[in-house]
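Worksheet: one structure, shown below.
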Amino acid sequence: MMDFSGIIPSLPGLWNGMLMTLQLMVLGVIGGIVLGTILALCRLSSNKLLSNLAGAYVNYFRSIPLLLVITWFYLAVPFILRWITGEDTPVGAFTSCLIAFMMFEAAYFCEIVRAGVQSISKGQMGAAQALGMNYGQTMRLIILPQAFRKMTPLLLQQSIILFQDTSLVYAVGLVDFLNSARASGDIIGRSNEFLVFAGFVYFVISFSASFLVKRLQKRLTV
Amino acid sequence: MISIKNVNKWYGDFQVLTDCTTEVKKGEVVVVCGPSGSGKSTLIKCVNALEPFQKGDVVVDGTSIADPKTNLPKLRSRVGMVFQHFELFPHLTITENLTIAQIKVLGRSKEEATKKGLQLLERVGLSAHAHKHPGQLSGGQQQRVAIARALAMDPIVMLFDEPTSALDPEMVNEVLDVMVQLAHEGMTMMCVTHEMGFARKVANRVIFMDKGMIIEDCQKEEFFGNTGARHERTQHFLAKILQH
């Protein structure tokens with residue numbers, strides 16, 4: 001028989017895990033969008049070197065598993081920092097995971113931003129330039145604000161995927177929601193119940209968020 | 001004011017402009033007409049370097065566009081342009097559309113830019129719409145805002161690229177009225193348009209283009225008055241569009 005009564009006293013611990021999950025997701029999305037936008041502008045640039053470099057970055061990160069990136073960064077980031085600063089700089093699992101998420105998600109956000117920018121008519125670019133704006137002003141003031149508005153649903157959808165993928169930090173021992181559920185369950189010998197509960201929570205959050213995004217999408221397209 | 005000298009432009013192997021040479025003097029209104037695909041829009045976009053060209057030069061108020069040292073954004077900020085599809089910025093209000101370039105490009109204060117923008121909005125008869133977004137306006141209204149937006153930069157010349165061809169017929173006149181008024185005030189204008197009524201009323205010169213070449217470039221009186229002396233292709237074109 002399943003016995004879910006052990007979950008109630010564990011809720012504070014699970015909540016702390018959820019905070020970790022949300023922190024990873026929100027910071028990962030923000031960093032991913034910033035880096036992804038820079039990558040997208042490089043990809044769209046007329047400079048062949050820049051656009052090829054950005055293209056290679058995107059193709060590389062889209063072709064390897066996220067779990068690999070997380071473990072690899074966990075091992076590599078402290079090493080690289082030591083190489084740069086010349087001394088041991090402990091960064092911890094949280095920072096290395098965050099950097100891994102930002103860099104991995106940037107590849108996906110880059111493609112979303114690129115499609116968004118390309119969906120804005122060329123006439124907008126011409127009109128901004130005709131008013132004397134330089135390339136940077138045109139992008140920042142005219143093209144990107146319109147593009148971001150159009151691609152908000154896609155960006156949110158990608159964020160929901162990241163919300164689930166943050167659970168991979170389990171591999172480097174970071175205590176996110178899933179890991180705290182597993183650990184709490186193990187302690188009282190009720191792993192199955194806790195994992196079922198965790199699955200239920202992931203489902204409810206992701207499903208309702210997806211639902212809201214779809215409604216938003218409908219409103220934006222009308 | 002504008003001097004176009006032997007401009008040649010290719011898209012790959014296809015030559016879109018062949019040895020185009022003409023000029024627009026200060027205070028002059030020049031109408032460019034011709035069949036679609038004749039290169040007239042491309043030519044007018046060469047004047048503010050929105051379209052690059054491979055050979056020749058365009059000199060605007062003493063500044064050469066072909067010169068790689070020329071600061072193109074600065075030059076463009078002095079040349080007003082109105083597009084076929086208006087190209088107002090849909091994410092900004094009408095007031096913001098009128099002020100953004102004044103503030104970001106000319107460095108005017110927000111108050112100064114708003115004052116100027118609203119003055120021009122009143123001039124095109126749309127003061128009541130200052131807080132709306134472009135999508136809430138009709139095509140004719142949007143195009144009048146677009147003209148006001150260009151004028152807000154205090155341009156030395158205005159370029160019009162088929163400003164009425166995307167409009168419903170009943171909205172053409174409200175836009176043409178603004179353009180006629182501008183012409184009467186002495187604005188230097190280069191207009192790509194098929195509105196021959198407008199050309200007759202305010203143009204000083206008419207240019208006819210076909211297949212990327214300037215075929216006809218003469219005074220308005222000569223263009224419309226002495227049609228027998230026109231190039232065969234011009235007569236053919238005029239006969240078609242003046243029939244009704």
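Solvent-free Debye calculation, one equal scatterer per alpha-carbon of chain B: log10 I(q)/I(0) at 0.08, 0.14, 0.15 Å⁻¹ equals -0.30, -0.93, -1.06. Each listed q (0.11, 0.15, 0.17 Å⁻¹) maps to a log10 I(q)/I(0) for chain A from the Debye sum over equal C-alpha point scatterers, namely -0.68, -1.05, -1.20. Normalised by 2.2 N^0.38 Å, where N is the number of residues, the alpha-carbon radius of gyration of segment B:86-187 equals 1.01. Here the peptides B:120-131, B:31-42 are ranked by packing, the mean other Cβ count within 10 Å, and the order with the highest first is B:31-42, B:120-131. If you only keep lysine pairs separated by 8 or more in sequence, or across chains, how many in segment A:9-221 come under 21 Å at the Cα atoms? Qualifying lysine pairs in segment A:9-221: 4. Against the compact-protein benchmark of 2.2 N^0.38 Å, the Cα-based radius of gyration of segment B:1-139 scales to 1.23.
When only the Cβ of Lys, Arg, Asp and Glu is charged (+1, +1, -1, -1), the dipole of chain B relative to its Cα centre reaches about 480 debye.
In the neighborhood of B:Ala229, defined by Cβ-to-Cβ distances under 15 Å, what is the net charge if each Lys or Arg adds +1 and each Asp or Glu adds -1? Taking every other residue near B:Ala229 into account, the sum is -2. Amide H to amide H distances under 5 Å link B:Val157 with B:Gly80, where only residues 5 or more positions off or on other chains count and H is placed in the peptide plane. Look at the dipole of the protein assembly as shown built from charges on Cβ: of A:Gln118, B:Asn6, A:Phe197, the Cα furthest out on the positive end belongs to B:Asn6. Computed from the Cβ-Cβ distance with R0 of 25 Å, the FRET efficiency linking A:Ala209 to A:Ile64 stands at 0.40.
Quick check on the exposure proxy: order A:Arg215, A:Arg43 from fewest to most C-beta atoms within 10 angstrom.
On the way: A:Arg215 11, A:Arg43 20.
By the 10 Å Cβ count, ascending: A:Arg215, A:Arg43.
The modelled label-to-label distance between B:His231 and A:Gln118, using points 7 Å beyond Cα along the C-beta direction, is 3.9 nm. Pairwise Cα distances in the protein assembly as shown exceed 28 Å in 63 percent of cases. Ordering A:Thr138, A:Thr152 from the fewest to the most neighbouring beta carbons within 10 Å gives A:Thr152, A:Thr138. Taking other Cβ atoms within 10 Å as a rough exposure proxy, B:Lys25, B:Lys45, B:Lys201, B:Lys104 sort from fewest to most as B:Lys25, B:Lys201, B:Lys104, B:Lys45.
Computed log10 I(q)/I(0) for segment B:1-49 at 0.14 Å⁻¹: -0.36, from the Debye equation with unit scatterers placed on every C-alpha and solvent omitted. The charge dipole of the protein assembly as shown, taken about the Cα centre with unit charges on the Cβ atoms of Lys, Arg (+1) and Asp, Glu (-1), comes to about 200 debye, rounded to the nearest 20. Between segment B:145-162 and segment B:1-51, how far is it from one alpha carbon centroid to the other, in angstrom? When both Cα centres are located, 18 Å separates them.
Applying the Karplus relation 6.51 cos²θ - 1.76 cosθ + 1.60 with θ = phi - 60° to segment A:165-172 yields 3J(HN,Hα) values of 5, 4, 4, 5, 5, 3, 4, 10 Hz, where x marks Gly and Pro. Working note: Cα atoms of segment A:1-106, range along each principal axis, descending, whole Å: 62, 35, 23. Couplings for segment B:191-208, taken from phi via the Karplus curve 6.51 cos²θ - 1.76 cosθ + 1.60 with θ = phi - 60°, read 10, 8, 7, 9, 7, 5, x, 5, 4, 4, 6, 10, 5, 8, 10, 10, 10, 10 Hz in order; Gly and Pro are left as x. Within the P(r) computed for segment A:49-174, what percentage of the Cα pairs occupies the region above 20 Å? Cα-Cα pairs of segment A:49-174 separated by over 20 Å account for 58 percent.
When +1 charges are put on Lys and Arg Cβ atoms and -1 charges on Asp and Glu Cβ atoms, the dipole computed for segment B:41-133 relative to its Cα centre reaches about 160 debye. Considering only A:Arg190, A:Arg140, A:Arg114, the Gaussian network model of chain A with Cα springs below 10 Å gives its largest mean-square fluctuation to A:Arg140.
No lab work stands behind these numbers, since they all come straight from the coordinates. Keep in mind that what you see is a predicted model, and the values were worked out from it rather than measured. For neighbour counting, all protein chains shown are included, and Cβ atoms are generated from backbone atoms with ideal geometry for every residue, glycine included.
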